[in-house]
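Before any comments, here is the structure.
Only the coordinates and a few stated rules stand behind these numbers; no lab work does. Everything numeric in this text was worked out from a predicted model, so none of it was measured. Here the Cβ is made from the backbone with ideal geometry for all residues, glycine too, and neighbour counts use every protein chain on show.
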Amino acid sequence: MQMLADRLRASPRGLVGTWVKFPSLESMQLLAHAGFEFVVIDLEHAPHAMDRAVELVFAAQAMGMAALVRLPDQTGAAVQPLLDGGADGLLVPRVTSPEIAAAIARRMVFAPHGERGLGTTSRAGRWGTGDMAAYIERGNEQCLRVIQLEDWDNIARAADYAALDDVNGLFIGHGDLLLSSGKGPGDPDVRQLTARMLAACQSAGVFSGVAAAAPELARNYLDMGFSLVMVSNDTTMFAQAAAETLRRTLG
């Protein structure tokens, strides 16, 4: 399967994915059968254990989807095991300064430039049977290191984050932006801020990510030129389908 970074560079449009909250291999297969191109396994807002998160990475990739993981926080404790587990990249939530972004991104890059430890006997290294140069190249050149910006001041500084050496993606968090600003994705000021963030990513040559609750908004983000566009999540899609099935049954 083509590496995610290469797929993004080659694609005429952004890729479409969704959040994974269920710790279920079966629902992961269903997302792949539906045609999703990538998933983000959510360790911030879902109670995935580390071993299950790595199993979900494997399941997604085995089904032809790319697998990113959202870290639970910015401490970085989960970086090494998730990258050793073969994740295509990591999202770092609620980053509030370029210094924090730079520090955690360095932990995703091998020495001498970064701080990631060598783990060729992991799944990412094909359990010690792979080529070391290819393992290091994949980790440094193909791994997505995505910083989530979720408050107004930091989103407005997107160009500063996009210029960081080891950061190769930014993700705009409209949910927490709504909490802090009171303005949702449809607000004209938020639309303008979103466009500025996207422009900063495109100017710097880094990937851009965004999530949408509804397909119509997701299509708009694809049309705008976002690299990674997420729509809904597995639990909400199941809940909505279940409610609609019952509604149609009962009339």
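If the only charges are +1 at each Lys and Arg Cβ and -1 at each Asp and Glu Cβ, what is the size of the charge dipole of region 70-184 around the Cα centre, to the nearest 20 debye? Let's see the in-between values first.
Numbers: 11 positive and 15 negative charges, 54 e Å.
With Lys and Arg at +1 and Asp and Glu at -1, about 260 debye.
Name the residue farthest towards the positive end of the dipole of the chain from the options PRO72, ALA10, GLY205, assuming +1 on Cβ of Lys and Arg, -1 on Cβ of Asp and Glu, about the Cα centre.
Among PRO72, ALA10, GLY205, the one farthest towards the positive end of the dipole of the chain is ALA10.
With a cap of 13 neighbouring Cβ atoms within 10 Å, and only residues DSSP puts in a loop, list the chymotrypsin sites (Phe, Trp or Tyr not before Pro) found in region 108-139.
none
Quote the convex hull volume per residue of region 101-180, based on C-alpha atoms, as a whole number of Å³.
Value for region 101-180: 94 Å³ per residue.
Have a look at SER97, VAL54, GLY117 and report the one farthest towards the positive end of the charge dipole of region 33-146, computed about the Cα centre with Cβ charges (Lys/Arg +1, Asp/Glu -1).
It is GLY117.
What is the magnitude of the charge dipole of the chain about its Cα centre, with +1 placed on the Cβ of each Lys and Arg, -1 on the Cβ of each Asp and Glu, and no other charges, expressed in debye to the nearest 20?
On the way: 21 positive and 28 negative charges, 75 e Å.
About 360 debye.
Suppose the Debye formula is applied to equal point scatterers at every Cα of region 4-250; what is log10 I(q)/I(0) at q = 0.15 Å⁻¹?
For the requested q values the scattering log ratios are -1.04.
Take the Cα gyration tensor of region 4-140, multiply each eigenvalue by 5, square-root it, and list the three semi-axes largest first, rounded to whole angstrom.
Whole-Å semi-axes of the equivalent ellipsoid: 22, 18, 16.
With no solvent and one point on each alpha carbon, what is the Debye value of log10 I(q)/I(0) for region 124-247 at q = 0.13 Å⁻¹?
Computed log10 I(q)/I(0) values: -0.64.
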